[in-house]
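The values are calculated or read from the model by the stated rules, or taken from the named source; none is laboratory data. Predicted model only: the values in this text are computed from it and were never measured. Quick reminder, even Gly has a Cβ in these numbers, built from the backbone with ideal geometry, and neighbours come from all protein chains shown.
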Amino acid sequence: MTTVVWYKRDLRTRDHGPLSAAAELGEPVIPLYVVEPGYWQLPDTSARQWHFIEDSLADLRRQLRRIGSDLLVMHGSVNDALGRLAAAYPIKRVFCHQETGGQWTFERDNNVIGWCQERSIEFREWQQFGVVRRLQDRDLWDQAWSAVMRAKPPAVPERLIMPADLARLGTVITTPPTQQAGPCPDRQAGGSQRGEKLLASFLERRCVGYQYNISSPVSAVRACSRLSPHLAYGTVSLREVYQSAKATGQHSNSLPRKKRSLTSFRSRLHWHCHFIQKLEDEPELEFRAMHRELEGLKSGPGDSERLQRWQEGQTGWPLVDACMRALHLTGWINFRMRAMLMAVASYQLWLHWRNPALHLARQFTDFEPGIHYPQAQMQSGLTGINALRIYNPVLQSQKLDPEGEFIRRWIPELQGVPVDLVHTPWLMTPAQKERYGGNTYISPVCDHEHAARAARKAIGEFRKQHVSARETDRVLHRHGSRKGPVQRRPATPSRESPPDSQLSLFD
């Protein structure tokens, strides 16, 4: 009998429950990855994501060959791929990790389960990290997460039995047609080997000062672990990252500053799973507001010209535009800047959250649906339990890029503009523009301070008229963070958010 180990967002051999369990059976194992054209036509997927996966598949193949096996890569639907396998081999089991994705992958997984049930094939899923499927009580989540993080990872199999003549069914990895997000020449490369090297360099030296250096786009490039795409596609194990960070921080030779930095880093791993749990518990968050009564805050997508200028890095606010241009060419930007981009789109530009969220998803090499959609909504003021965070793009620029280093790197129109003017180039006189340049940089799309005040007022009035205590309490009970039983709260906006240094996408 043969077991199929179906790979999804878990492209590694280390800490891989399904692979380890399949090997222990002592029967042939088929490691399978299916390139699904339907998935790559979704509006939140892009070529940069695929190319990271492509790198990772090549690396996974090398890992599997070291233990006597290989990776079977097939194209089409998973059900069709399994059907072809079942026609050639006596398939008895399908093992895989749970995936918290969007509606498309949820329905795909259900179809695979149904296919297996119809043929009396055992289908079994493993929990990959601290997200709990069918969680009954959010009050117990933190305890469950800690138990997973402390558990000993399963060992890499010493040897796999590979069915005969497997290669004839497909090994060639070809690029599916994808939603395009533009060229990404500086994107991170995929694969477990690269992820493990990043982790080693971070734990050895880059982590020092982590909690202080991750907010600025200048320092974050090195201060952040840069493991986010590797965690998103499972080329490294979040549990092993957590355990390695904890062991390094507790080592007798670690300096106090390093210990504090790694404690902060581990808290981000906790929040990584905290946000994915939100989408796991309520998959509808991909499409509608977390606080259902806030769905009616904006009736349409908003001004298409404003959306386009935001997407192209042409808002006229230097830090906003520099971040978008950097993201377009690298596939990555640090969390504080991600939050600012989403908040500016939602408040100053008054765009419905969905189109900006989809655009950013396509730009992110490290797109993780369970983090992205709840975060996009939180930065848009749609949770009902978080304080509004309306970022002032000028103050953020002056604070996080005080010398204009990041701005000048990504906005060549402003390379000659001095520090005291680079954050507000629209205030330059004609004579200053003639002297320093900046004539070709676009004027702001609107007065950001006036737009922020108008947004705050509109949201406040909407909440007074349409937001109920009952719905706010539902959101808090289902998604609020806590380590003990949740306390009932009024419908007024709460301060559920921890400090910005903790509340984040994992970056």
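What number of residues within the range 285-302 are of a type outside the set (D, E), out of contact with any Pro (no Cβ under 8 Å at 6 or more places or on another chain) and part of a helix (DSSP H, G or I)?
4
For the range 425-458, which positions are surrounded by 12 or more Cβ atoms within 10 Å (Cβ to Cβ), assigned to a loop (DSSP other than H, G, I, E, B) and free of Cβ contacts under 8 Å to residues at least 40 places away in the same chain?
The answer is M428, G437, G438, D447.
Kindly indicate the residue of the range 179-238 that is charged (D, E, K, R) and part of a loop (DSSP other than H, G, I, E, B) and also surrounded by the fewest Cβ atoms within 10 Å (Cβ to Cβ) among those meeting that condition.
Ranking the qualifying residues of the range 179-238, first place goes to D186.
Which of (1) among the charged types (D, E, K, R); (2) more than 20 Å from the chain's Cα centre (by Cα); (3) under 30 Å from K464 (Cβ atoms) does R354 not meet, given it meets every other one?
Only one criterion in (1) among the charged types (D, E, K, R); (2) more than 20 Å from the chain's Cα centre (by Cα); (3) under 30 Å from K464 (Cβ atoms) is unmet by R354, namely (2).
Does Q98 satisfy the criteria of being touching a Lys or Arg at 6+ places or on another chain (Cβ under 7 Å), polar (S, T, N, Q) and surrounded by fewer than 20 Cβ atoms within 10 Å (Cβ to Cβ)?
When the stated conditions are applied, Q98 passes them.
When the residues of the range 398-424 are narrowed to those that are among the aliphatic types (A, V, I, L, M) and in contact with an Asp or Glu (Cβ under 9 Å, 6 or more places away or on another chain), which ends up surrounded by the most Cβ atoms within 10 Å (Cβ to Cβ)?
Filtering first and then ranking leaves V422.
Filter the range 309-318 down to residues that are polar (S, T, N, Q) and over 23 Å from the mean Cα position of the chain (by Cα) and give me whichever is nearest to Q180 (Cα to Cα).
If we take residues in the range 309-318 being polar (S, T, N, Q) and over 23 Å from the mean Cα position of the chain (by Cα), then Q314 is nearest to Q180 (Cα to Cα).
Quick one: how many residues across the range 95-127 are of a type in the set (S, T, Y) and either free of Cβ contacts under 8 Å to residues at least 60 places away in the same chain or over 18 Å from Y33 (Cα atoms) (or both)?
Going through the range 95-127 one residue at a time, the tally reaches 1.
Checking the structure you have, find out if any residue of the range 93-103 is of a type in the set (S, T, Y) and out of contact with any helix residue (DSSP H, G or I) (no Cβ under 8 Å at 6 or more places or on another chain).
No, every residue in the range 93-103 fails to be of a type in the set (S, T, Y) and out of contact with any helix residue (DSSP H, G or I) (no Cβ under 8 Å at 6 or more places or on another chain).
Go through the range 357-375 residue by residue and tally those that are more than 20 Å from W310 (Cα to Cα) and either of a type outside the set (A, V, I, L, M) or surrounded by fewer than 23 Cβ atoms within 10 Å (Cβ to Cβ) (or both).
So the answer is 5.
Just for the range 384-404: of the residues that are out of contact with any Pro (no Cβ under 9 Å at 6 or more places or on another chain) and in a helix (DSSP H, G or I), which one is farthest from A469 (Cα to Cα)?
Across the range 384-404, the extreme among qualifying residues is Q398.
Hey, among the residues in the range 105-150 that are assigned to a helix (DSSP H, G or I) and acidic (D, E), which one's surrounded by the most Cβ atoms within 10 Å (Cβ to Cβ)?
Looking at residues that are assigned to a helix (DSSP H, G or I) and acidic (D, E), I get D109.
Yes/no per residue for (1) in contact with an Asp or Glu (Cβ under 8 Å, 6 or more places away or on another chain); (2) closer than 29 Å to T2 by Cβ; (3) not β-branched (V, I, T):
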| residue | (1), (2), (3) |
| --- | --- |
| W126 | no, yes, yes |
| L135 | yes, no, yes |
| M149 | no, no, yes |
| M162 | yes, yes, yes |
| P176 | yes, yes, yes |
| S201 | no, no, yes |
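Within the range 303-331, which residues are modelled with pLDDT of 95 or more, assigned to a loop (DSSP other than H, G, I, E, B) and surrounded by fewer than 24 Cβ atoms within 10 Å (Cβ to Cβ)?
Selection gives E312, G313, Q314, G316.
Inside the range 239-284, can you point out the residues that are in a helix (DSSP H, G or I), of a type in the set (A, V, I, L, M) and free of Cβ contacts under 8 Å to residues at least 60 places away in the same chain? Lay out the reasoning, then the answer.
Looking only at the range 239-284, we keep the residues that are in a helix (DSSP H, G or I), and these are 239-250, 256-281, 283-284.
Checking the rest, the ones that are also of a type in the set (A, V, I, L, M) come to 241, 245, 247, 262, 269, 276, 279.
V241, A245, A247, L262, listed by residue number.
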